[in-house]
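First up is the structure itself, then whatever we jot down about it.
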Amino acid sequence: MAGNSTEYIKHHLTNLTYGQLPAGYVRHGEHGEEVLTQATWTMAHGADEAKAMGFKAVHVDTLGWSLFLGALFCWVFWLAARKATSGVPGKLQNFVEVVVEFVDTNVRDTYHGKSKVIAPLALTIFTWIFLMNFMDLIPVDFIPYAAQLMGVHYMKVVPSTDPNATLGMSFSVFFLILFYSIKMKGPVGFTKELTLHPFNHWALIPFNFVLETIGLITKPISLGLRLFGNMYAGELIFILIALMFTAGMVIGSLGGVLQILWAIFHILVITLQAFVFMMLTIVYLSMASETHDH
């Protein structure tokens with residue numbers, strides 16, 4: 001049972017990976033061992049093969065679900081805009097207006113500069129991450145089982161449980177921070193900010209530079225890892241609860257109750273994590289847009 005449980009957990013935490021296996025790699029399949037005579041691009045048959053593919057590997061499920069959810073977000077908001085009316089609004093228009101007003105209010109209260117990009121960016125971040133997180137509420141076996149029926153052995157459906165996705169988004173925010181810092185302060189002003197803060201003395205320039213650079217780099221790392229850590233833990237708890245259904249009627253009934261309770265609590269978690277990512281992005285960009293006298 002312990003072995004089956006371990007395999008079950010590993011299976012649900014393994015991404016559908018496409019990459020290049022090196023020449024000489026020994027693949028273990030249903031028909032025995034196969035030694036690759038040359039480097040081969042293929043789907044990984046397990047976590048070991050995905051690891052052997054290295055940095056070139058692509059998580060197909062993460063990319064696929066991310067693009068699908070992003071397209072879903074665009075389609076729903078486009079549909080609401082197309083059917084928008086100045087009269088009595090429909091339910092979809094009401095919902096979209098509430099979300100837009102909520103994000104716009106937070107941007108106005110937090111971002112102190114002037115930019116036409118920040119509000120749409122914040123709306124995209126909040127809605128897209130919320131949809132990614134929301135996938136965690138789908139029963140853990142539902143989509144993977146459907147994928148297996150179509151011959152796809154691995155399928156992780158929550159993109160925000162993949163550090164590649166969360167760090168990818170956070171480093172995109174990091175590049176925006178650099179862009180706004182240089183745009184608003186100029187190259188010289190940005191350099192002064194890195195070298196003359198927090199101590200405005202020439203002798204402390206090396207110390208200031210190290211301190212400010214570390215603080216700058218940790219922003220995207222902490223932003224991405226915070227989202228990943230919370231969502232990964234939530235997904236793991238759902239998987240552990242799912243295991244309870246295999247332990248008999250009594251434990252399975254308890255698992256059903258725990259699943260409902262955790263799902264209700266997790267609604268707060270997925271919304272809060274999307275909100276935190278959005279707010280920190282606005283705060284970081286607001287700080288990047290501020291100018292200081294040196």
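Within segment 32-46, the set of residues being within 14 Å of Tyr18 (Cβ to Cβ) and polar (S, T, N, Q) comprises Thr40, Thr42. Could you check how many residues of segment 108-126 are within 21 Å of the chain's Cα centre (by Cα) and touching a residue at least 60 places away in the same chain (Cβ under 8 Å)? Of the residues in that region, 5 qualify. Just one of the numbered conditions (1) acidic (Asp, Glu); (2) free of Cβ contacts under 8 Å to residues at least 12 places away in the same chain; (3) within 21 Å of Ala165 (Cα to Cα) is not true of Glu101: (3). Among the residues of segment 222-274, the ones that are in contact with a Ser or Thr (Cβ under 6 Å, 6 or more places away or on another chain) and more than 22 Å from Phe126 (Cα to Cα) come to 1 in all.
Could you grab me the full set of residues in segment 184-210 that are in contact (Cβ under 8 Å) with a residue 24 or more places away in the chain and assigned to a helix (DSSP H, G or I)? Hits for segment 184-210 are Met184, Lys185, Gly189, Lys192, Glu193.
In contact with a strand residue (DSSP E or B) (Cβ under 8 Å, 6 or more places away or on another chain), of a type outside the set (D, E, K, R), within 29 Å of Ala274 (Cβ to Cβ) and modelled with pLDDT of 90 or more, is that true of Asn94? No: the conditions fail for Asn94.
In the condition set (1) surrounded by fewer than 11 Cβ atoms within 10 Å (Cβ to Cβ); (2) closer than 25 Å to Gln20 by Cβ; (3) of a type in the set (D, E, K, R), Glu49 is compliant with all but (1). Among helices (runs of 4 or more DSSP H) entirely within segment 1-93, having at least 1 residues that are more than 23 Å from the chain's Cα centre (by Cα), closer than 21 Å to Gln148 by Cα and among the β-branched types (Val, Ile, Thr) singles out 2-12.
Condition (residue is touching an Asp or Glu at 6+ places or on another chain (Cβ under 8 Å) and either more than 22 Å from Phe175 (Cα to Cα) or small (Gly, Ala, Ser) (or both)) applied to segment 89-96: is it met by at least one residue? Within segment 89-96 (the criterion being touching an Asp or Glu at 6+ places or on another chain (Cβ under 8 Å) and either more than 22 Å from Phe175 (Cα to Cα) or small (Gly, Ala, Ser) (or both)), the answer is yes, since at least one residue qualifies. Annotation note: of Thr14, Thr6, the sole residue that is out of contact with any strand residue (DSSP E or B) (no Cβ under 9 Å at 6 or more places or on another chain), surrounded by 12 or more Cβ atoms within 10 Å (Cβ to Cβ), modelled with pLDDT of 85 or more and within 30 Å of Ala242 (Cα to Cα) is Thr14. Just one residue in the set His201, His266 is in the same structural domain as Pro159 (by TED's automatic domain parsing), on the phi < 0 side of the Ramachandran plot and either among the hydroxyl-bearing types (Ser, Thr, Tyr) or buried (at least 16 other Cβ atoms within 10 Å of the Cβ) (or both); that residue is His266.
Please verify whether Val188 is within 22 Å of Lys114 (Cβ to Cβ) and out of contact with any helix residue (DSSP H, G or I) (no Cβ under 6 Å at 6 or more places or on another chain), treating the condition exactly as stated. So Val188 fits the description; yes.
Picking from Val140, Val158, Val173, which residue would you name as being in contact with a Leu (Cβ under 8 Å, 6 or more places away or on another chain) and touching a residue at least 40 places away in the same chain (Cβ under 8 Å)? Spell out how you get there, then give the answer.
Details: Val140 fails: in contact with a Leu (Cβ under 8 Å, 6 or more places away or on another chain); Val158 fails: in contact with a Leu (Cβ under 8 Å, 6 or more places away or on another chain).
Just one listed residue meets the conditions, Val173.
The values are calculated or read from the model by the stated rules, or taken from the named source; none is laboratory data. Only a predicted model underlies this, so the values are computations on that prediction, with no experimental measurement involved. Reconstructed Cβ throughout: ideal geometry from the backbone, glycine too, with neighbour counts over all protein chains shown.
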